[in-house]
């Protein structure tokens, strides 16, 4: 197993908190992948909901209580977790692909392509991310696909800038120069030679950004501008529960909130450790 | 220096022009606000008259041209919903938003920087680890969730603090009256929690990087007391990058007032912009975004100028 002998991997596992984060994240991923195995009911199958069960506090039938439609909060949370994770991962993968490609092209070719891409990035960065996403969602209306695209539009900039910075220094190195001298195509040099050598910083940013994307999705859903009510994420569950918080039905919002927090902390623990392991500046 | 300032002003003006165009275009495409403004039983004649009165019956180019003419006169058009000049509507609510943002920023700096220093001096100590874990939860918690937990604990369970509104306002702010302060506590805490954690972490990283530099080792070897090394030699240099972050983050804070104001029913621009986007009230949306980007640009500019004062190596 070459992977486990890798110096960085060994170093990663030396930190107990990071390993804890990884374990929690893996467990939550299993929950999200197979929600029906772990939940008491399918929370969106209306035939399984009974109004006489509404607003039950946590008890032996419904561990974490029920909401106003008699829906089991625990089951709803697992299905919500699935959607939150999906939006976080899908938007991050999309923005890495788009941002990375644009950044590589921008840094490698320079000139007017570089100017255009970086000007767009500058204008976008002179604006808070949440505002851009908010406006897009307000005008497009809610939807899982739409929110993935909105977050991608907001996030590609970060990867583009990082990739561009790395390429600027990489393309002058001997291996890239010799590939060019050997007559390799620009496409081949960018994606065959430079790309594999620049993945470390992007992986680190991507990990932290997954957490960020999930928070952004939850915030938009909380404001009622995110995923549709028929497919609630953790953010929309919290928003629904918030409406009845003042009536004392705290469980409908507090438990989804705790799960969201645990999810994001676990991702940040992993991301933090990866940054430390991959950042040579902090090595003593 | 003057040339640099003029150059920056020119660039900022272009950015704001582009933003105004994009937002104007998006809002133009978004739909017809008249449907939302008129009662459901309005006749076709009412609709036509209203569209004409608002000037939205013309082509996009004509409308944008009219907008630019107004801008030259220092006017961003009248709000479709309120009927008043959009700038006035936004400016009327701006103090409430800035009050939240400024207080949250001050709070984050006052607590974030010292805690970051403490966590950097002995990174392996239990209190450093505790501080770092708390800061990790700080950057992991969505703003709305912090606000909700505060409301649950201090309003619903304990009943100590009011959960909505701004309280008694005196001289543009609630900070001078006891009632106002009670209303301010939770929104400010909510808004600053993330920033505090971020500033704390950046202070710590900055300090740790500076502490490894040769001149720190030299100062220690010379026999300079530890306290002087940390608070004089190291802190001074690690604070410089922090200025940039605080500048950028202030803009984020202003944006996140949207969430905070929604939770606490705070009568600022955040609530206004959510309502205006939903009502397709284009003049307000454009005015709000231009003001926000102006604040962003102004702060970045101030940060750059400050830099030349605190760091003699930087020359503009």
Original post:
For the stretch B:150-224 and the stretch A:174-244, what is the separation of their C-alpha centers, rounded to whole Å?
Top reply: 30 Å
Original post:
Please state the relative contact order of chain A as a whole percent: Cα pairs under 8 Å, 6+ residues apart?
Top reply: 25 percent
Original post:
With axes computed from alpha carbons, what is the tilt in degrees of helix B:269-278 against the longest principal axis of chain B, rounded to the nearest 10 within 0 to 90?
Top reply: 40 degrees
**OP:** Decide, for chain B, between rounded, prolate and oblate: order the square roots of the alpha carbon gyration tensor eigenvalues as a ≥ b ≥ c, take rounded if a/c falls under 1.5, and otherwise choose prolate if a/b is larger than b/c, else oblate.
**Re:** oblate
**OP:** Grab the DSSP H runs of chain B that are 4 residues or longer, score each as -39,500 (n - 2.57), total them, divide by all residues and round the 222 nm result to the nearest 500 deg cm²/dmol.
**Re:** -24500 deg cm²/dmol
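Taking square-rooted eigenvalues a ≥ b ≥ c of the alpha carbon gyration tensor, is the protein assembly as shown rounded, prolate or oblate, where a/c under 1.5 means rounded and, failing that, a/b exceeding b/c means prolate?
Here the protein assembly as shown falls in the rounded category.
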Original post:
Averaged over all directions, how much area does the convex hull of the C-alpha atoms of the stretch B:93-265 cover when projected, in nm²?
Top reply: 11.2 nm²
Original post:
Which angle between 0 and 90 degrees, to the nearest 10, do you get for helix B:2-30 versus the longest principal axis of chain B when only C-alpha atoms count?
Top reply: 50 degrees
Original post:
Between the helical axis of B:44-54 and the dominant principal axis of chain B, each derived from Cα atoms, what acute angle in degrees is found, rounded to the nearest 10?
Top reply: 50 degrees
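Run the numbers on the stretch B:93-265 and let me know its relative contact order in percent, using alpha-carbon pairs under 8 Å that are six or more apart.
After rounding, I find 34 percent.
Readers should treat all values here as calculations from the given coordinates under stated rules, not as data from a laboratory. The model shown is predicted, which means the values in this text are computed figures rather than measured ones.
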